[in-house]
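See below for the structure under consideration.
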Amino acid sequence: MKRFLAMALVLATVMFLGAPLLALAQEAPAATEEAAPAPPPVPDPTGTAIGAIADIVGGSANAPTKEEVEKMAADKDAMLTKVADVVGHNKIGINMTWTLVCGFLVMFMQVGFALCETGFTRAKNASHTMGMNIMVYGTGLLGFWICGYALQMGGGGGSPTLGGTMGILNSEFSINLFGKDFGLWGLKGFFLTGDSYDVSIAALFLFQMVFMDTAATIPTGAMAERWSFKSFLVYGFFMSMIAYPLYANWVWGGGWLSQLGANFGLGHGTLDFAGSSVVHMTGGVAALAGAWMLGPRIGKYNADGTANAIPGHHIPMAITGVLILAFGWFGFNTGSTLAGTDLRIGMIATNTMLASAAGAVSALLYMMFIYGKPDLSMAANGMLSGLVAITAPCAYVTPTSAVIIGLISGVILCISVFFVDQTLKVDDPVGAISVHGVNGAWGLLALGIFADGAYGDGVNGVTGTVKGLLYGDGGQFMAQCIGVLTNFVFIFCAFVIYFKIMNIFVPMRVSAEIEHEGLDLHEVGVIAYPDFNLNKTHR
């Protein structure tokens, strides 16, 4: 019995081990007929081996077979077509990525505006000022999505740097005067639906939206510390849906100002590379209209009309905000190429940086020379003034011209601040009217003076590069002057009318009691500094 069990155990072991071995032996000849396994990946520390025909045919996500690679390599015409398609796709991809990343930087500027405006105002209104800066993003974005983008870009055709489908936006409402078409607003792109459900259109929407949001947030500083929150919320929709898009269409959307060159021989028409007028002057002029209609803060002016200084509560916060804005401005200006493949971005970035430094230095030196002491708030606003002024001409001028433009902007800022405060008697807590409105106008004029003819061939359909007054084209300067005048008249009148009508239904200004106690608790329900006693010294 024991022998029988032992033999059975041996037999079972042989069968258990033998069957797999037999199967392997039977499959061995077939295995030798297959191709040898691919060699293991080899590290490539220099990157020279990365990118080959396989990446063009299929790429890592859909790797082609050896036969497919050999077939494609043998068919030269097919390979050239495939290479051209890939290169074109990648070029648009680079441009779109560049545009989106720069748009993200511009969106981050909202943090800078919030800190800058809040620091330059009083502690008892800090939450209210911050609240306006966050909610202008919400109301502005939705309003721009509803109809603002369509009115601005619906007839402009978009940018070829972001893909051929941009031609979808091709419907502009125009009137005919003097035998010429004057484009007034776009008619396609509402709600980003229908034909506008397109990646290129969406990318341009994001980039244009954050520019609009910059313009919309500027009046929140000039009108701070007495503007009712409900009135502010309604304002956000008017700015994003009507006022901003109309002027932006005239300059950037193929409207009548952009065609002054093609229609009347005035240079390349009104040019504004990144928004000195479209963004900043629009916001500054709206701020002038709003602050004028709101009236000054309680205690700002004496009975004899002399002005009292009302210091901001947190200068380090304000300066931090200014530095964030200066950082985001690189996206603002270089992103306006809408093309990472346009190597002019190097010059644009350098011009932006130089003008900001020059504006800060000239404002500081002006205050030291005239008043005997440096003024950090003026220096900070001087940096912003340089950035605003260089925004229109940044792509068209030399670095030396950028420095000159910045130096002039800092002096203009200081003169303008005192003129607005003491002569016009308009109370602007953060200097937004002077920084953005006045220097926005200066930036547009500076393009018409200093553009050196190195860049801009074909812009707005005009053959040849962009030249200013100093380089022989007085027509370009005239077009810039028309742009400044148009912006001031249209935006100021539009907002005066709007604020008057809105004030009937939603009062613009808080009561004197609320203004005295602070807007935080009454208007937004949150006190910024609940642990501190905001006595008269801090109020």
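The values are calculated or read from the model by the stated rules, or taken from the named source; none is laboratory data. Quantities reported herein were computed from a predicted structural model and do not represent experimental measurements. For neighbour counting, all protein chains shown are included, and Cβ atoms are generated from backbone atoms with ideal geometry for every residue, glycine included.
Every residue in region 191-209 that is within 17 Å of the chain's Cα centre (by Cα) and either of a type in the set (Ser, Thr, Tyr) or closer than 16 Å to His436 by Cα (or both), please. Give the steps one after another, and end with the answer.
Our first condition is that a residue be within 17 Å of the chain's Cα centre (by Cα); within region 191-209, this holds for 200-209.
Scanning region 191-209 gives a single hit, Ser200.
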*Assuming Phe178 fulfils every condition listed in (1) surrounded by fewer than 16 Cβ atoms within 10 Å (Cβ to Cβ); (2) within 16 Å of the chain's Cα centre (by Cα) apart from one, which condition is it?*
(2)
_Of all residues in region 248-268 being of a type in the set (S, T, N, Q) and closer than 18 Å to Pro160 by Cα, the one that is surrounded by the most Cβ atoms within 10 Å (Cβ to Cβ)_ = Asn249
_Qualifying residues in region 107-125 (those that are of a type in the set (S, T, N, Q) and closer than 23 Å to Lys300 by Cβ) - the one farthest from the chain's Cα centre (by Cα)_ = Asn125
*Among the residues of region 447-500 satisfying the criterion of being under 25 Å from the mean Cα position of the chain (by Cα), without any contact (Cβ under 8 Å) to a residue 12 or more places away in the chain and in a helix (DSSP H, G or I), which is nearest to Ser159 (Cα to Cα)?*
Leu485
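Looking at Tyr149, Tyr137, which one is surrounded by fewer than 21 Cβ atoms within 10 Å (Cβ to Cβ) and of a type in the set (Ser, Thr, Tyr)? Break it down stepwise before answering.
Working: Tyr149 fails: surrounded by fewer than 21 Cβ atoms within 10 Å (Cβ to Cβ).
After applying the criteria, what remains is Tyr137.
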*Are any residues in region 142-193 under 20 Å from Met212 (Cβ atoms) and in a loop (DSSP other than H, G, I, E, B), and if so, which ones?*
Gly154, Gly155, Gly156, Gly157, Gly158, Ser159, Leu169, Leu187, Lys188, Gly189, Thr193
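For every residue, the table says whether it meets (1) hydrophobic (A, V, I, L, M, F, W, C); (2) surrounded by 24 or more Cβ atoms within 10 Å (Cβ to Cβ).
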{"position": "Phe229", "(1), (2)": "yes, no"}
{"position": "Phe232", "(1), (2)": "yes, no"}
{"position": "Leu246", "(1), (2)": "yes, no"}
{"position": "Thr270", "(1), (2)": "no, yes"}
{"position": "Ala274", "(1), (2)": "yes, yes"}
*State all residues of region 345-356 that are in contact (Cβ under 8 Å) with a residue 40 or more places away in the chain, buried (at least 18 other Cβ atoms within 10 Å of the Cβ) and either out of contact with any Ser or Thr (no Cβ under 6 Å at 6 or more places or on another chain) or within 15 Å of Leu323 (Cβ to Cβ) (or both); if no residue qualifies, say none.*
Met347, Asn351, Thr352, Leu354, Ala355, Ser356
*Output the residue which, of all residues in region 75-109 that are modelled with pLDDT of 85 or more and among the hydroxyl-bearing types (Ser, Thr, Tyr), is surrounded by the most Cβ atoms within 10 Å (Cβ to Cβ).*
Thr99
*Those residues that are farther than 22 Å from Ala339 by Cα and among the hydroxyl-bearing types (Ser, Thr, Tyr), I need them from region 136-174; list them, please.*
Tyr137, Thr139, Ser171, Ser174
*In region 350-363, is there at least one residue being within 30 Å of Asn302 (Cα to Cα) and assigned to a helix (DSSP H, G or I)?*
yes
_Number of the exception - Gly305 against (1) part of a helix (DSSP H, G or I); (2) at positive phi_ = (1)
*What are the pairs, 6+ residues apart or on separate chains, where a residue within region 81-101 that is among the β-branched types (Val, Ile, Thr) has its Cβ under 7 Å from a residue that is at pLDDT 85 or above and not in a helix (DSSP H, G or I)?*
Ile92/Gly163; Ile94/Gly340; Ile94/Thr341; Thr97/Gly340; Thr99/Leu338
*asked:* Any residue at all in region 152-160 that's surrounded by fewer than 22 Cβ atoms within 10 Å (Cβ to Cβ) and either out of contact with any Gly (no Cβ under 8 Å at 6 or more places or on another chain) or basic (Lys, Arg) (or both)?
replied: yes
